[in-house]
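A quick write-up on the structure given underneath.
What follows is calculated from the coordinates using simple rules that are stated; it is not laboratory data. What you see is a predicted model; the values in this text were computed from it and never measured. Ideal geometry is used to build each Cβ from the backbone, glycine not excepted, and the neighbour counts take in all protein chains shown.
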Amino acid sequence: MTSETQHNYWGYTTGPGIPTVYSLTDSGSIRVLWALEELVGQNVLETYNLKSFERSKTTKAAPDAMKEGFRLGKSPILTVSPVNAPDEPPTPFVESRLVLQFLADHYANGLWDPITPQDQARDTFFQEFAGTTLSTLTSLTLTMDVIPEATPWPLKPLLKLLFVPLMSVFKGKLVGPFEFLEDALSDEKPWFGGSRLGLADFCMVFPLDTCVARKYFDAAKYPNVNKWHKTVHELPAYQRAVAKMGEYNGIKA
Ligand SMILES: N[C@@H](CCC(=O)N[C@@H](CS)C(=O)NCC(=O)O)C(=O)O
């Protein structure tokens with residue numbers, strides 16, 4: 001084992017410069033791209049660099065070239081050098097929720113700070129809920145869904161027999177979390193971050209986009225969540241993020 005520097009650690013006394021995001025098509029980097037586009041749109045960040053990568057057509061894996069940003073090569077990766085030393089080797093930041101926190105701490109200028117201590121707790125709670133409970137159930141449902149889809153004939157019908165019922169079981173497990181999210185939203189608190197957009201909203205968009213695109217989410221049953229989702233999709237910053245990603249849930253830029 002070799003000793004390494006602490007990951008996701010900004011060890012400089014000066015602030016970070018223009019960030020670079022490594023983004024894979026159809027991936028969770030939508031959370032970070034949307035956040036970056038919000039920062040640019042609100043004039044708190046001048047610009048950012050984008051390195052786009054395409055998933056393998058056959059395996060859907062990220063290309064090895066993404067490892068240039070961070071050794072695991074998973075999307076998203078944010079790299080940044082100090083503002084006064086742009087030629088310094090960039091520091092990588094990974095794990096979407098932590099990348100978003102880094103953007104909030106170093107670039108957002110209070111833009112996404114929750115207004116009350118209660119909203120702070122709410123925002124933290126829903127960041128975690130999005131990345132754990134909701135993402136895990138969404139990933140399991142998706143896995144059961146895509147295995148037979150990706151299997152060639154003549155095995156496909158056999159795997160469908162096995163995986164379609166399993167998919168229904170996991171899809172059913174999403175109902176409780178959806179009801180819970182529905183009850184959390186109101187006219188006073190239309191965002192998962194509280195009365196205004198917060199990090200929890202960026203975290204929530206990826207699993208909910210997947211659930212909507214794959215029809216695991218019945219919009220008629222959850223009007224508050226549906227309204228949140230529609231509002232996000234109408235935001236110019238979110239739309240720019242989708243366009244920058246190149247391909248996302250069947251939408252091609
Ligand atoms: N826990 C990481 C997940 C990173 C991850 O697995 N990203 C996926 C896309 S959503 C990826 O790069 N997949 C391609 C691959 O595994 O080769 C995060 O929150 O950012």
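Sparse packing (at most 14 other Cβ atoms within 10 Å of the Cβ) combined with a DSSP loop state is found for the following trypsin sites (Lys or Arg not before Pro) in segment 214-247: Lys215.
The amide H of Leu50, built 1.01 Å from its N in the peptide plane, has Val21 as neighbours under 5 Å, considering only residues 5 or more places off or on other chains. Every Cα-Cα pair in segment 109-253 was counted, and those over 27 Å apart are 28% of them. Under 17 Å from a label point 7 Å along Cα→Cβ of Ala150: give me every residue in segment 58-73 with its amide N that close. Under cut-off, by backbone N: 58-64. Computed packing ranks the peptides 111-121, 57-67 as 111-121, 57-67, most packed first, by mean other Cβ atoms within 10 Å. How large is the direction-averaged shadow of the alpha-carbon convex hull of the chain, in nm²? The directionally averaged projection comes out at 15.8 nm².
Listed values for segment 61-72 are Karplus-derived 3J(HN,Hα) couplings in whole Hz (6.51 cos²θ - 1.76 cosθ + 1.60, θ = phi - 60°), namely 6, 6, x, 4, 4, 5, 5, 4, x, 7, 4, 7, and x replaces Gly and Pro. In order along segment 208-215, the Karplus-derived 3J(HN,Hα) couplings, from 6.51 cos²θ - 1.76 cosθ + 1.60 at θ = phi - 60°, round to 5, 4, 5, 4, 5, 5, 8, 6 Hz, and Gly and Pro are given as x. Placing pseudo-labels 7 Å out from each Cα toward the beta carbon at Glu46 and Val164 gives an inter-label distance of 5.7 nm. Just to verify a number: FRET efficiency for Arg71 and Lys227, C-beta to C-beta distance, R0 = 35 Å, to 0.05? Efficiency computed from Cβ-Cβ geometry: 0.30. Near Val83, the amide H atoms lying under 5 Å from its own belong to Gly15, Gly17; only residues 5 or more places off or on other chains count, and H is placed 1.01 Å from N.
The Cα center of segment 1-78 and the Cα center of segment 153-210 differ in position by 25 Å. Extension gain, Val83 to Gln6, is 25.7 nm, computed as 0.36 nm per intervening residue step minus the present C-alpha separation.
Relative contact order, whole percent, for segment 20-106 stands at 32, derived from Cα pairs under 8 Å and 6 or more residues apart. For the chain, relative contact order (Cα pairs under 8 Å, six or more residues apart, normalised by length) works out to 23 percent. For the residue pairs Lys74/Lys160; Lys160/Lys215; Lys60/Lys252, the alpha carbons lie more than 21 Å apart in Lys74/Lys160.
Computed from backbone phi with θ = phi - 60° and the Karplus coefficients 6.51, -1.76 and 1.60, the 3J(HN,Hα) list for segment 244-252 is 5, 5, x, 8, 8, 6, x, 8, 10 Hz; x is used for glycine and proline. Report note on the peptides 72-81, 101-110, 178-187: ranked by the mean count of other C-beta atoms within 10 Å, highest first, their order is 72-81, 101-110, 178-187.
Loop-located GluC sites (Glu not before Pro) in segment 7-102 (DSSP state other than H, G, I, E, B) with a sparse environment of at most 11 neighbouring Cβ atoms within 10 Å: Glu46. Summed over qualifying helices (DSSP H, 4 residues or more, each -39500 (n - 2.57)) and divided by its residue number, the chain shows a 222 nm mean residue ellipticity of -14500 deg cm²/dmol. You can think of it this way: the chain between Glu54 and Thr143 has 30.0 nm of extra reach, that is 0.36 nm per residue less the Cα-Cα gap. Of all DSSP bridge pairs formed entirely within the chain, close to 70 percent run antiparallel.
Distances longer than 20 Å among the Cα atoms of segment 20-106: what percent of all pairs is that? Result: 33 percent of Cα pairs exceed 20 Å.
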